[in-house]
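Peer 1: First, the structure itself, so that you have it in front of you.
The values are calculated or read from the model by the stated rules, or taken from the named source; none is laboratory data. Given the structure is predicted, the values throughout are model-derived calculations rather than measurements. No Cβ is skipped: glycine too gets one built from the backbone with ideal geometry, and neighbour counts run over all protein chains shown. All accessible areas refer to the heavy atoms of the entire protein, side chains included, with ligands and DNA or RNA removed. Shrake-Rupley method; radii C 1.70, N 1.55, O 1.52, S 1.80 Å.
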Amino acid sequence: MAESEAGKLYKKEDSAKGSIIPFREKIKEHSELIAALLSGTIILITWLLESYLSEPLWIVLHLIAFGIGGYAKAKEGITETIRTKKLNVEMLMIFAAIGSVLIGYWTEGAILIFIFALSGALETYTENKSTKAISSLMELQPEEAILLKDEQEKAVPVASLKINDLILVRAGERIPADGIIVKGSTAIDESAITGESMPVSKGLEEEVFAGTVALNGTITVQITTKPTETLFQKIIQMVQSAQEEKSPSQLFIERFEGIYVNVVLIAVAVMMFLPYLAFGWTLSESIYRAMVLLVVASPCALVASISPATLSAISNAARKGVLFKGGVHLENLGHIRAIALDKTGTLTKGKPEVTDAYFLNDAMKEEILRIVGAMERESTHPLAKAISTYAAQQLGVHPQTEILDMKTVSGFGITAIVQGKTWKVGKMDFVGEKEAGNFHEGIYRKLAGEGKTVVFAKQEEKIVAVFALMDTVRESAKRAISSLKAAGITPIMLTGDHDITAKAVADEAGIQHYRSNCLPEDKVNYIKEYRKQYGNIAMVGDGINDAPALASANSGIAMGEGTDVALETADIVLMKNDLHRIAKSIQLSKRMNRIIKQNILFSVSVIIILILTNYFQIIDLPLGVIGHEGSTILVILNGLRLLK
């Protein structure tokens, strides 16, 4: 799609500024992460140089670390508390840090803030990445359309189009609104809607969708749907809706947060005065024990139970070509019981290949391949490219011959004069339905029954060859399906293709359950249906049409070679397009979940023991800090095992 003049001008201005704006945007986008890492660096330097620093400078450096690392979360916690009139974990961390300072443990308080700030920064980064999916979708929606009125062409905003308006769409342009063709014909790339790589021929009275591309031929389209209600807009709305849904784990954490904060603060308040009033403690001892309680009860170890383990597992997966956009997605993957897979570009290679070829006789094979290959080399149609590639592979060289009077008959095929004879390459009804049907004892019926696209070659008045093409299944897909089934996970194929092709691909891949003729909305509905049936389901896809389903699944997985929208919407990206990595990632997820459970159980046990021993005055502050920070270090080391 051609860039607008405004877009070109913006790019020139942006280049002239030396990319200052993108750099500033990057800094702003990652500001929380940069602040957390800077805070950690200051803490480390201060700790290493403690014996060389004066006390005022040592305190100032800690205050700087507190300010840089804690600003974002402190602002968030205070703002949220004012808005909801409820305390939250952010406020508890602020109180714990202040409490540690009051009893003289500046470094421990700073470390609490650093770990909490780092986890918050990673969460913000993941949220920012997910919002880019909508921006990527919007870029595929044309802003202008050519309106036909009183036999005049006028460029108008797409938003101003009304039902029954007539618009002009030329070859290579993206269709701006849903409608029906009232003049002309064309082959349309509908991959944005259906995900299928094969262009679809459309003629009079046939429906076209916004966001799809007219590959050849000029068409006049009568608008049938408001620009705000097109199928493409529905895809955008479904992605937004799915992204806004909160997972059960997230809802549980939000409920647990308020309870935990209130319990700890009530316990600290009670500790400050009850022992003094009821058990004869001095007031200073009660306050001292309350401050120790605030420090040892802070969720530092709990945070460390999850974050280092998750980051280690994510790094492990990334080295093997699997990108997780956050720890929650890696955690969810271990719970899936079924996995839905798109066909085109996911299970298959996404490009048609010649699987069968039959010729009038062997003596003519080389000549036919040379001529047909040369003719198809002149075309940009995916089927033409596949036949041209096949001819080159069979001949050992790219076929070359003089082609005269080459013509494309939109939606049907091509014609040309070669060595004084008329050649046609295309559909059955283009070359002659009766002759094509009888060629090679009716081989067409067998090939079509296998879900293959059939193309005929005709010289003058006789059929000389037939080519069968199909989007072939990846070898890695077959291995992946086998591994998933062995792990007790049910594979399901969802495709926009017709039933015959869907069944052929499913059988070859080893998949028993499949759904054909799926539009994006159908895929979302099936995902919701399977979520009820299996509890947790993953979705694997690569196209724009897969984006709503990717967002609706418990775990959305995109192929690395997929569209930008699929990559942005998905929770997980297979950078090397190897489906076999999914089974390995599921094993990694289950291992990570086990380690996190170990860490949480250990850290909670330590906190309980420290609280009880503090209450019975068995430990003092140094031992409490050692126990608290020691448990944090141990859970971090346990999490780091996931690097291997």
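Peer 1: Take the Cα of Glu561, step 7 Å along the line toward its Cβ, and report every residue of the range 502-542 whose backbone nitrogen sits under 13 Å from that point.
Peer 2: 542
Peer 1: Using only Cα atoms and rounding to the nearest 10 degrees, what angle (0 to 90) does helix 106-139 make with the longest principal axis of the chain?
Peer 2: 20 degrees
Peer 1: Non-local amide H neighbours of Ser201 (under 5 Å, H modeled in plane, Pro and chain starts lacking H): which ones?
Peer 2: Result for Ser201 returns Ile188.
Peer 1: Starting at the first residue of the range 321-329, write each ³J(HN,Hα) from the Karplus equation 6.51 cos²θ - 1.76 cosθ + 1.60 with θ = phi - 60°, in whole Hz, x for Gly and Pro.
Peer 2: x, 10, 9, 9, 8, x, x, 4, 6
Peer 1: Further question on the same structure: Which FRET efficiency, nearest 0.05, do Thr380 and Arg319 yield, Cβ-Cβ r, R0 35 Å?
Peer 2: Details: r = 39 Å, r/R0 = 1.10.
Rounded to the nearest 0.05, the efficiency is 0.35.
Peer 1: Given Asn614, Gly217, Ala436, which one lies farthest toward the positive end of the charge dipole of the chain, if we put +1 on the Cβ of every Lys and Arg and -1 on the Cβ of every Asp and Glu?
Peer 2: Selected residue: Asn614.
Peer 1: Over the chain, what relative contact order in percent results from Cα pairs under 8 Å that are six or more residues apart? Numbers along the way, then the final one.
Peer 2: On the way: 1186 pairs, mean separation 94.4, N = 644.
After rounding, I find 15 percent.
Peer 1: Angle between the Cα long axis of helix 283-296 and the longest principal axis of the chain, 0 to 90 degrees, nearest 10?
Peer 2: Helix 283-296 and the main axis of the chain meet at about 20 degrees.
Peer 1: Which whole-number value in Å² is the accessible area per residue of the range 448-559, probe 1.4 Å?
Peer 2: 35 Å²
Peer 1: Next question, about the same structure. With an 8 Å cut-off on Cα pairs and a minimum separation of 6 or more residues, tell me the relative contact order of the range 491-592 in percent.
Peer 2: Values: 159 pairs, mean separation 17.4, N = 102.
Reported relative contact order: 17 percent.
Peer 1: Can you give me the accessible area per residue for the range 279-412, using a 1.4 Å probe, in Å²?
Peer 2: Each residue of the range 279-412 exposes 42 Å² on average to a 1.4 Å probe.
Peer 1: Report the FRET efficiency, 1/(1 + (r/R0)^6), for Tyr71 and Ile608, where r is their Cβ-Cβ distance and R0 is 25 Å, rounded to 0.05.
Peer 2: For Tyr71 and Ile608, the calculated efficiency is 0.20.
Peer 1: Placing +1 on the Cβ of each Lys and Arg and -1 on the Cβ of each Asp and Glu in the range 325-373, which of Thr344, Gly373, Gly326 has its Cα farthest towards the positive end of the resulting dipole?
Peer 2: Projecting each Cα onto the dipole axis, the largest value belongs to Gly326.
Peer 1: Oh, and also: Any idea how far the Cα center of the range 575-622 sits from the one of the range 36-80, in Å?
Peer 2: 26 Å
Peer 1: Further question on the same structure: Helix-only estimate, please: 222 nm mean residue ellipticity of the chain, summing -39500 (n - 2.57) across DSSP H runs of length 4 or more and dividing by its residues, to the nearest 500.
Peer 2: Per the formula, -18000 deg cm²/dmol.
Peer 1: How many percent of the accessible area of the range 520-644 is carbon or sulfur, using a 1.4 Å probe?
Peer 2: Numbers: 3270 of 5340 Å².
Taking all protein chains in place, the range 520-644 shows 61 percent carbon and sulfur surface.
Peer 1: With 20 Å bins from zero, work out the P(r) of the chain over every alpha carbon pair and list the percent per bin.
Peer 2: 16, 38, 28, 13, 4, 0
Peer 1: In addition: When the dipole is taken about the Cα centre of the chain, and only Lys, Arg (+1) and Asp, Glu (-1) are charged at their Cβ, what size is it in debye, to the nearest 20?
Peer 2: Taking the Cα centre of the chain as origin, the dipole is about 1500 debye.
Peer 1: With labels modelled as points extended 7 Å from the Cα through the Cβ direction, what inter-label distance (nm, one decimal) is found for Asp356 paired with Asp150?
Peer 2: Roughly 5.9 nm, to one decimal.
Peer 1: Residue farthest toward the positive end of the dipole of the chain, with Cβ of Lys/Arg at +1 and Asp/Glu at -1: which of Ile111, Leu283, Leu302?
Peer 2: Sorting the options by dipole projection puts first Leu283.
Peer 1: What FRET efficiency do you get for Glu441 and Thr228 if R0 is 41 Å and r is their Cβ-Cβ distance, rounded to the nearest 0.05?
Peer 2: Rounded to the nearest 0.05, the efficiency is 0.15.
Peer 1: Ok, one more. Please work out how much length the chain gains when fully extended from Glu285 to Leu623, using 0.36 nm per residue of separation minus the C-alpha to C-alpha distance, in nm with one decimal.
Peer 2: Net length gain for the segment: 120.1 nm.
Peer 1: With θ set to phi - 60° and the Karplus curve 6.51 cos²θ - 1.76 cosθ + 1.60, what are the ³J(HN,Hα) couplings of the range 578-589 in order, to the nearest whole Hz, using x for Gly and Pro?
Peer 2: Ordered by residue, 3J(HN,Hα) equals 9, 4, 4, 5, 5, 4, 5, 5, 5, 4, 4, 4 Hz.
Peer 1: Within the range 435-460, which residues have the backbone N less than 20 Å from the label spot 7 Å out from Gln393 along Cα→beta-carbon, could you tell me?
Peer 2: 447-448, 450-457
Peer 1: How much of the accessible area of the range 386-458, in percent, comes from carbon and sulfur atoms when a 1.4 Å probe is used?
Peer 2: Here carbon and sulfur together make up 48 percent of the probe-accessible area.
Peer 1: Considering the Cα trace of the range 577-632, what is its radius of gyration and what is Dmax, both in angstroms?
Peer 2: Values for the range 577-632 (Cα only, Rg and Dmax): 18.1, 59 Å.
Peer 1: Give me the distance in nm between label points sitting 7 Å out from Cα along the Cα-to-Cβ direction at Ile78 and Lys590, one decimal.
Peer 2: The answer from the label model is 4.8 nm.
Peer 1: How large is ³J(HN,Hα) for each residue in the range 485-493, as worked out from phi by the Karplus curve 6.51 cos²θ - 1.76 cosθ + 1.60 (θ = phi - 60°), to whole Hz, x for Gly and Pro?
Peer 2: Karplus values, whole Hz, x for Gly and Pro: 5, 5, 8, x, 9, 8, x, 9, 9.
Peer 1: What's the angle, to the nearest 10 degrees (0 to 90), between helix 31-48's Cα axis and the longest principal axis of the chain?
Peer 2: Approximately 40 degrees, to the nearest ten.
Peer 1: Over what distance in Å are the Cα centres of the range 444-509 and the range 514-542 separated?
Peer 2: 21 Å
Peer 1: Probe of 1.4 angstrom, ligands and nucleic acids ignored: what's the accessible area per residue over the range 562-644, in square angstrom?
Peer 2: Working: 4050 Å² over 83 residues.
I get 49 Å² per residue for the range 562-644.
Peer 1: Under the 0.36 nm per residue contour assumption, what length would be gained going from the current alpha-carbon distance of Asn525 and Asp507 to full extension?
Peer 2: 4.1 nm
Peer 1: In nm, to one decimal, how far is the Lys644 label point from the Ser476 one, both placed 7 Å along Cα→Cβ?
Peer 2: About 2.7 nm separates the two model spin labels.
Peer 1: Given the pairs Lys183/Lys351; Lys385/Lys407; Lys421/Lys458; Lys154/Lys226, which are separated by over 22 angstrom at their Cα positions?
Peer 2: In this structure, Lys183/Lys351 exceed 22 Å between Cα atoms.
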